[in-house]
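Structure, as structure tokens:
The values are calculated or read from the model by the stated rules, or taken from the named source; none is laboratory data. No experiment lies behind these values; they were computed from the predicted model shown. Neighbour counts are summed over all protein chains in view; Cβ atoms, including those assigned to glycine, are modelled from backbone coordinates with ideal geometry. Just so you know, the surface numbers come from the protein's heavy atoms only, side chains and all, with ligands and any DNA or RNA stripped out. Shrake-Rupley method; radii C 1.70, N 1.55, O 1.52, S 1.80 Å.
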Amino acid sequence: MADKTLFDKLWDAHVVRKGEQGPDVLYIDRHLIHEVTSPQAFAGIEQRGVPLFRPKQTIATADHNVPTLDQHLPIKEELSRKQVEALKANCEKYGVELYGLGHQNQGIVHVIGPELGITQPGMTIVCGDSHTSTHGAFGAIAFGIGTSEVEQVFATQCVLQSKPKSMRIEVNGKLKKGVSAKDIILYIISKISTSGGTGYFVEFAGSAFEDLSMEGRMTVCNMSIELGARGGIIAPDQTTFDYVKGRDFAPKGKEWDKNLAYWKTLVTDADATYDKVLSFDAADISPMITFGTNPAMGIKIADIVPSLNGDQSFKKALEYMQVDAGASLKGKTVDYVFIGSCTNARIEDLRAVAKVVNGHKKADNITAWIVPGSKRVEAQAIEEGLDKIFVEAGFELRQPGCSACLAMNDDKVPEGKYCVSTSNRNFEGRQGPRSRTMLASPETAAATALKGYITDASEYLN
Amino acid sequence: MEKFIKLISPIVPLTLENVDTDQIIPARFLKSTSRDGFGENLFRDWRFDKEGVENKDFVLNRVKEAEVLVAGKNFGCGSSREHAAWALVDYGFKVVVSSFFADIFKGNALNNGLLPVQVSEDFLQAIFDNNGEVEVDLENQKISIVATGQVESFEISAYKKHCLVNGLDDIDFLLSNKTEIEKFEKSRI
């Protein structure tokens, strides 16, 4: 038998029926849903009169539009409240487990999946959200789907998918001090563009990824969609197994041993080939920041904004951001700092911020929000006393949700204001109409909040 | 889903590249629980200023009554929101032409009877330069510029073509595989 990539092995193991002149019927192990992209899919199966095929493999939470203040009160904004209520009603009707507002397991869908042990190596996982790629960090095939596909999974626990091409991105060597997982992925995106991965599923490999914690790996895989790739995957190893073991939904006892034996086979065979291979040197990566309106428009904080004469999209982006080609962003005054999102709102991210801001105060010109990724992250932060560090530094610790990453709720950056954000997208208006987003690591965001202008965190990390 | 066979239409030329789904439909307009009405907020922040007044410079406000949107490469990148496809369809588009589409958007479009037509960079430029009517023929998988007669073929999977031409969707097909799906589940235990 020919050597296979990890992705090939998992894909092939989930094909119910191979498409001859079209897509494969791919079986889905776990389906995560939330309030924004599920209601039309529930309405769809209702209209067809078909049941939800496998409710036990479906898990719901409310995250995208929920307020991050006063979550114990009814949601004030009517449309958001209706969406959350519709999710609750649908979950009750179809027998789906819901971790709604106030539940101890509630949080951003891509944060709770891993922390509850729902996400496991070898699985296929989908959700009506492009950042479902996050779960690939466990050696799972995980990708975002549209609502029509959510309906497909409801009806049949399968999606129709054409198998993507394969790409391997290797990063070897040791990272410099102060360089985080976020910097690695922003660096890669800046090198290969937001469409460089389109049509591919990416396997991240090499010592730089092996050295990362599970949370760091999740940050990397989370943003594989920003390369245009459907998803990213990292082969599971001892770090993965140690993370999964003992979590609520993780297999126990004999089941654990059986699964572990299988998970250990989830590696790319030595002679397997990819459609494309890229490699980078970890030592070349530095703390990154974006200057434009897509995640590939990123530079090392120490570098200057490039120029791309004659490119109208590039010019429009610089005008929107009000930054000049040839200028340095270091020292640029900003207005907001947002620590949150499925990219960087896990406990290690909060610890990284606390390490930088401990004993310091934010600058007066900065509004700083910290939105934990889940109730469990929030509880853990409080248990470790991080909440006190944040409050003393003048940061506002809010309640879990997607928040200002996509600004569906009230957490909006005002028009024209700059926000250094640990989230994943700097598109025009992403954090509020006409707001300006600069993506960075939690460390960079924290240091920027202290100074009031774009700052490399290195001076706080010694 | 409406059947798609062939059309001739003027175009809306959106020459920008990397148009993301947050521009097509901003997140704050995703709060409906139905599939309808999203066209109203299509390209909201490019079409209207903050007071809700039409921006006369934006191409969608200059060309009305067109069923074909032609956009720069990497159209539909970003979020998986199917609302982007719903908004385009609700507004009246039946075809989107670009030299490159983001994966999820492309799938969402096809699932809603919106035909994504991928053309070469050169042909895209020719469409922009001509800025007149195009003919899109799904049966023969050809797109042509009416005024000049320039033609290019485009790819679509035989399965998806069958769905579009007949107005069928994936769920009908998947449901017909139920026995195999159950068999697959049993084989894994």
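For segment A:29-54, filtered to residues that are within 13 Å of chain B (Cβ to nearest Cβ) and assigned to a strand (DSSP E or B), the residue that is surrounded by the most Cβ atoms within 10 Å (Cβ to Cβ) is A:Ile33.
Residues of segment B:165-176 that are modelled with pLDDT of 90 or more and touching a helix residue (DSSP H, G or I) at 6+ places or on another chain (Cβ under 7 Å): B:Asp170, B:Ile171, B:Leu174, B:Leu175.
Within segment A:431-451, if we keep just the residues that are assigned to a loop (DSSP other than H, G, I, E, B) and open to solvent by 10 Å² or more (accessible area, probe 1.4 Å), the residue that is farthest from A:Gln104 (Cα to Cα) turns out to be A:Arg434. For A:Val244, the conditions (1) surrounded by fewer than 20 Cβ atoms within 10 Å (Cβ to Cβ); (2) hydrophobic (A, V, I, L, M, F, W, C); (3) touching a residue at least 12 places away in the same chain (Cβ under 8 Å) are fulfilled apart from (1). Sub-9 Å Cβ pairs linking a first residue in segment B:34-49 that is over 16 Å from B:Val63 (Cα atoms) to a second residue that is small (Gly, Ala, Ser) and open to solvent by 40 Å² or more (accessible area, probe 1.4 Å), at least 6 apart or interchain, are B:Ser34/A:Ala43; B:Arg35/A:Ala43, ordered by first then second residue. Scanning segment A:372-390 for residues that are among the small types (Gly, Ala, Ser) and in contact with a helix residue (DSSP H, G or I) (Cβ under 8 Å, 6 or more places away or on another chain) yields a count of 3. Looking only at segment B:107-133, residues that are more than 9 Å from the chain's Cα centre (by Cα), part of a loop (DSSP other than H, G, I, E, B) and within 12 Å of chain A (Cβ to nearest Cβ) come to 1 in all. For B:Ser120, the criteria (1) surrounded by fewer than 24 Cβ atoms within 10 Å (Cβ to Cβ); (2) of a type in the set (Gly, Ala, Ser); (3) touching a residue at least 40 places away in the same chain (Cβ under 8 Å) hold in every case but one, which is (3). When we screen A:Ile184, A:Ile145 for residues that are open to solvent by less than 10 Å² (accessible area, probe 1.4 Å) and facing chain B (nearest Cβ under 9 Å), the only hit is A:Ile145.
If A:Gln57 satisfies all but one of (1) surrounded by fewer than 23 Cβ atoms within 10 Å (Cβ to Cβ); (2) away from chain B (no Cβ under 14 Å); (3) closer than 17 Å to A:Glu149 by Cα, what's the number of the condition it fails? Of (1) surrounded by fewer than 23 Cβ atoms within 10 Å (Cβ to Cβ); (2) away from chain B (no Cβ under 14 Å); (3) closer than 17 Å to A:Glu149 by Cα, only one is false for A:Gln57: (2).
In a residue-by-residue description of segment A:209-225, the property of being open to solvent by 10 Å² or more (accessible area, probe 1.4 Å), over 16 Å from the mean Cα position of the chain (by Cα) and closer than 15 Å to A:Glu170 by Cβ applies to at least one position.
For A:Gln322, the stated conditions hold: it is of a type in the set (S, T, N, Q), open to solvent by 50 Å² or more (accessible area, probe 1.4 Å) and closer than 20 Å to A:Pro433 by Cα. Go through segment B:157-177 and report how many residues are open to solvent by less than 30 Å² (accessible area, probe 1.4 Å), closer than 18 Å to B:Met1 by Cα and assigned to a loop (DSSP other than H, G, I, E, B). Qualifying residue count, segment B:157-177: 1. Would you mind stating whether A:Ala86 is among the small types (Gly, Ala, Ser) and under 18 Å from the mean Cα position of the chain (by Cα)? Here the answer is no, as A:Ala86 does not meet what is asked.
If you filter segment A:1-28 down to residues that are part of a loop (DSSP other than H, G, I, E, B), more than 15 Å from A:Gln161 (Cα to Cα) and open to solvent by 10 Å² or more (accessible area, probe 1.4 Å), you find that the one that is modelled with the highest pLDDT is A:Lys4.
Name the single residue that is farthest from the other protein chains (Cβ to nearest Cβ) among those in segment B:1-46 being more than 20 Å from B:Ser99 (Cβ to Cβ) and part of a strand (DSSP E or B). Among residues in segment B:1-46 that are more than 20 Å from B:Ser99 (Cβ to Cβ) and part of a strand (DSSP E or B), the one farthest from the other protein chains (Cβ to nearest Cβ) is B:Ile8. Restricting A:Val111, A:Val153 to those that are touching a helix residue (DSSP H, G or I) at 6+ places or on another chain (Cβ under 9 Å), open to solvent by less than 20 Å² (accessible area, probe 1.4 Å), outside any loop (DSSP other than H, G, I, E, B) and away from chain B (no Cβ under 14 Å) reduces the list to A:Val111. If I ask for residues that are in a loop (DSSP other than H, G, I, E, B), among the aliphatic types (A, V, I, L, M) and open to solvent by 20 Å² or more (accessible area, probe 1.4 Å), which ones from segment A:298-318 would you list? Residues satisfying the conditions are A:Ala302, A:Leu308.
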